[in-house]
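Below: one structure, written as structure tokens.
The values are calculated or read from the model by the stated rules, or taken from the named source; none is laboratory data. Quantities reported herein were computed from a predicted structural model and do not represent experimental measurements. Quick reminder, even Gly has a Cβ in these numbers, built from the backbone with ideal geometry, and neighbours come from all protein chains shown.
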Amino acid sequence: MRIGFYPKLAAGDIRKNRRLFLPYILTCVGMVMMFYIIMFLALSDALTPLNGAETLRQVFALGSWVIAIFAGIFLFYTNSFLIRRRKKEFGLYNILGMGKREIGHILFWETLFTALLAMSAGLAAGIAFSKLAELGLINVMHGEAAYDLTVSALSIRRSVQVFGVIFLLLFLNSVRQVRFASAISLIRSENIGEKPPKGNWVLGVAGALLLAAAYGMAVTIQDPLEALMAFFVAVVMVIAGTYLVMMAGSVLFCRLLQKKKSYYYKSSHFVSVASMAYRMKRNGAGLASICILATMALVTMASTACLYFGEESVVRGRYPREINLEFQMPALSGWPEDKAEALRAGISEELAACGVSPQNDYFYRYAQLYGVLQEDYVELDADKLGDVPVASLAESRSFYFVPLADYNAMMGTDETLEEGEALIYLDRGEYAYDTITFRHGKTLKIRKQVEEFLGNGESAANMATSITLIVPDLEKAVEGPDMLADFNGSRMLREKWLWNLDTGLEPERQIQVYRQLVGTLTDPSVKERLGYVSCVIECQENERTDFFSLFGALFYIGIILSAAFVLAAVLIIYYKQVSEGYEDQARFEIMQKVGMTKQEIRKSINSQLLTVFFLPLVFAATHVAFAFPIIRKILLAFSLNNVELFAATTAVSILAFALFYTIVYRLTSNAYYNIVSRTE
């Protein structure tokens, strides 16, 4: 056979089927571009001067793998639409004498042309937009931008490797589908209706139960650590439940509509319901895929936007004041109230030497230990903790014991307690028992739960719920646990003294004071003179850039992933409309011959599309609504507790996506109409 026959035939097939190939190639271009940009940002030298550069690189490196995996899964899914539409053509080639081997040659050249177009255009677009992405990231990070254009050879090589493997697997999968099908089955592939799945009631009920269980899990979990552990389980349950409900539900829904004669036997409904019934399982699977992608896009957009726009409240929660000082003390007996005052006086001298007059400050002593809370009992024994089931690790707590005198002075209250009593404060949730018992320690009677307490910043960063116990005598309250050792053999109990204060200085001067304090308070002679073992010095302004780097990177990744999910949903919608349009073309042609007008065709199409098209959007909004509590708990792991902000970003994301979805609906419904009415 003449050299160049198969490449020319493949190029002609792509050109003749451009309605199918063009969106597919554009999607491949978009995926390659996104992958290159994320890899470019992970390797960019422009990140080096930024604070938190290593965090940025790690986040973008992880994001590149997420894009690669998603691209592989999604391109396999969309490629199946192409192959399904092309099977009739391949069957005709086979009947006319072309063997499966020769058809494989055509598929090879089609895949090669598609891969070359996608990777060359994708890399060109990635290189063109990479600088814009870099400038946007540096602007988010408040860094200094350079305007020289660079190209990352490693990013190009990695993109070619990743998508080369994906296209190779797509080619092998296409060859497999053609190789093991007869010529007749290939020709009839588009004309074979689907048999309703057996036991669809069972599938539908199973899906509904999975969704109910996932929803129940999402709204009942209170602890952030438990929420994080359960989130991925809930995601799998929601995905499985959505597919089962929509696949089985589409069958049941069509049957119910067909049984309702007053609805079914109308020109605007008859063809649409019959068409839906013809594609029962595939229709449900396509809608479920759109729903899952829409949910992923909404969750990603809402959560990352919330983190980015709420980063200031996160910083202030983690670092309550401009300068935060925490001192590790040698032992409880070594820092009674007079010793604490002496320490404060000594630190005041050091602050004065730095030109700082403390403002809006608070200080208190506390003792800290970790344990597992089981109802009203706290397990502290290191040996016993090793036997605690993994599921119970979500019940781990950080306990803080604060003397009543310090609490009253800090909060401006005049609470009183008897020996053996305590006030309790939880940074989230409520304590439902009247007592709390510590292994090897005492049982404390809970007088009441207080609503306000000035935390130490560490509790805000702790995924586990922190419990503060205000006690009349600190030494007596921790008798027993003060002798326990942790897994490393060190004392489990930590005795600390905290002083958080504002300086009233400009940001640059705050950082200068912070550096001076670090140099002074870590000096061994100062430690010995003031009587502390070690200290932790934190500056709100100094740490702010690290948070901006993390949340800025997450926000950037969120934008790219959301764009990928939306792009995937749009392509599935488009292929669903186009492939179903070609399948319904003959049926609408017959209906026109027996008297159906163009206007009635339009009404029938609108009836069909409106019946099923907005179901994924409704389901996605429902998923997000039920996922709201569990995602809010996970955001607490980032020290973000701004419910109003998360609700706002979620609502805006849903409204924006609904508007975009409606535009896509209008465009694709016109494409469907043009096909079935043979105007194209």
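Observations on the structure shown:
- Odd one out for Leu521 among (1) out of contact with any helix residue (DSSP H, G or I) (no Cβ under 7 Å at 6 or more places or on another chain); (2) at pLDDT 85 or above; (3) under 22 Å from Tyr364 (Cβ atoms): (1)
- Subset of the stretch 471-496 (residues that are in contact with a helix residue (DSSP H, G or I) (Cβ under 9 Å, 6 or more places away or on another chain) and either at pLDDT 85 or above or in a helix (DSSP H, G or I) (or both)): Val471, Pro472, Asp473, Leu474, Glu475, Asp482
- Of all residues assigned to the stretch 449-470, at least one qualifies as being surrounded by 15 or more Cβ atoms within 10 Å (Cβ to Cβ), modelled with pLDDT of 90 or more and farther than 30 Å from Ala230 by Cβ.
- Some residue of the stretch 343-365 being in contact with a Leu (Cβ under 8 Å, 6 or more places away or on another chain), at pLDDT below 80, assigned to a loop (DSSP other than H, G, I, E, B) and assigned by TED's automatic domain parsing to the domain that holds Met492: no
- Hey, Thr304 assigned to a helix (DSSP H, G or I) and touching a Gly at 6+ places or on another chain (Cβ under 7 Å) or not: yes
- Residues in the stretch 131-167 that are in a helix (DSSP H, G or I), modelled with pLDDT under 85 and surrounded by 14 or more Cβ atoms within 10 Å (Cβ to Cβ): Lys131, Ala133, Glu134, Leu135, Gly136, Leu137, Ile138, Val140.
- Ser44 modelled with pLDDT of 80 or more and in contact with an Asp or Glu (Cβ under 8 Å, 6 or more places away or on another chain): yes
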